[in-house]
Amino acid sequence: MAIYAIGDVQGCYDDLLKLLDTIAFDPDSDRLWFAGDLVNRGPKSLEVLRFVKSLGDTAVVVLGNHDLHLLAAYDSGIVHKKDTLRPVLEAEDADDLIDWLRFRPLLHADGEFCLLHAGLPPQWGLEKAQEMARLAESVLRSGDYRRFLGQMYGNQPDLWSEDLEGVQLLRFIVNCFTRMRYVDAEGRLDFENDGPPGSQPGHLAPWFAAPNRRNADLRIVFGHWSQLGYYEGHNCYAIDTGCLWGGQLTALRLGEPVERVSIDCPGYRRPGKAYTDARGLL
């Protein structure tokens, strides 16, 4: 049996199928770990959701910021100009797809590897990260999840404290798992910079290079950061290689050794100035 972690698909269904053909994926024996952002900006989010859902226990999916954005759009009916979510919202099986999606985890830890979409603050070890993930997941899976979706967006609080509670705590948790890239020396989250390491102000470091990181012993696979591209270091593996933007779609075979397989993608969006704001949609 092989386990493959797959980077951000973002509605690029045809590229996903090509990648699965390239790795000779066998649903009877192999497993797929999706690093979040199954949907949005690409042309076939509906097809991606239906396909991955149909895989059942063969696939693990962690939630990304675009996946949460879909949940919020389904609840509010608001679709932004650059979104490609309308086919999902209008599908006859939309209710089933949305319910399936909101029951996906924020963190998956199994054996030697952990899977998440964006990052972990340096103050959290595995036990704290699992506790925080379960807390936010319990809200997203509850009958009160719409209330939180309406309060989810925002950049504050940006620093971990054991005193955080309520919506402030939930927002911080979600921002860590689905949006973070850089932190300062205190572990304060930065949402202004999304370029590759070296482009950021000197007081910031990638979250995985933060000093005294309590999760440094974990082997973490993550997506989200297309401008970082493929990266191995600090016990971490970044696998968002920018399929949507004409880069590659990557599958990482998790084993000893780790093996990377990537395919070139035509690109459904032009690279350019990042479209990002308080909603953190990129």
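Sub-8 Å Cβ pairs linking a first residue in region 121-142 that is over 21 Å from residue 181 (Cα atoms) and touching a residue at least 12 places away in the same chain (Cβ under 8 Å) to a second residue that is open to solvent by 10 Å² or more (accessible area, probe 1.4 Å) and among the hydroxyl-bearing types (Ser, Thr, Tyr), at least 6 apart or interchain, are 139/145, ordered by first then second residue. Among helices (runs of 4 or more DSSP H) entirely within region 123-225, having at least 2 residues that are open to solvent by 50 Å² or more (accessible area, probe 1.4 Å) and under 19 Å from residue 107 (Cα atoms) singles out 126-140.
Tell me the residue from 247, 242 that is within 16 Å of the chain's Cα centre (by Cα) and open to solvent by less than 60 Å² (accessible area, probe 1.4 Å), please. Can you show your working first?
Working: 247 fails: within 16 Å of the chain's Cα centre (by Cα).
None of the other options fit; the residue is 242.
One line per residue, one yes/no per condition, for (1) hydrophobic (A, V, I, L, M, F, W, C); (2) over 17 Å from the mean Cα position of the chain (by Cα):
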site	(1), (2)
59	yes, no
66	no, no
71	yes, no
103	yes, no
123	no, yes
126	yes, yes
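Residue by residue, here is whether (1) closer than 25 Å to residue 219 by Cα; (2) touching a Ser or Thr at 6+ places or on another chain (Cβ under 9 Å); (3) hydrophobic (A, V, I, L, M, F, W, C); (4) surrounded by fewer than 24 Cβ atoms within 10 Å (Cβ to Cβ) holds:
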{"position": "4", "(1), (2), (3), (4)": "yes, no, no, yes"}
{"position": "8", "(1), (2), (3), (4)": "yes, yes, no, no"}
{"position": "31", "(1), (2), (3), (4)": "yes, yes, no, yes"}
{"position": "94", "(1), (2), (3), (4)": "no, no, yes, yes"}
{"position": "98", "(1), (2), (3), (4)": "no, no, yes, yes"}
{"position": "110", "(1), (2), (3), (4)": "yes, no, no, yes"}
{"position": "114", "(1), (2), (3), (4)": "yes, no, yes, yes"}
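Pairs are defined by a Cβ separation below 6 Å, a sequence spacing of at least 6 or placement on different chains, a first member in region 233-253 that is assigned to a loop (DSSP other than H, G, I, E, B), and a second member that is buried (at least 21 other Cβ atoms within 10 Å of the Cβ) and among the hydroxyl-bearing types (Ser, Thr, Tyr); the pairs so defined are 239/250; 240/226; 241/250; 247/241. Being of a type in the set (A, V, I, L, M) and touching a residue at least 60 places away in the same chain (Cβ under 8 Å) holds for only one residue in 35, 59, and it is 35. Quick check, is residue 88 crowded, with 18+ Cβ neighbours inside 10 Å, among the aliphatic types (A, V, I, L, M), closer than 18 Å to residue 8 by Cβ and within 18 Å of the chain's Cα centre (by Cα)? No, not satisfied.
The values are calculated or read from the model by the stated rules, or taken from the named source; none is laboratory data. Predicted model only: the values in this text are computed from it and were never measured. Because the Cβ atoms are built from the backbone with ideal geometry, glycine has one as well, and the counts that use them run over all protein chains shown. When the accessible area is computed, the model is the full protein with side chains, heavy atoms only, and any ligands, DNA or RNA have been set aside. Shrake-Rupley method; radii C 1.70, N 1.55, O 1.52, S 1.80 Å.
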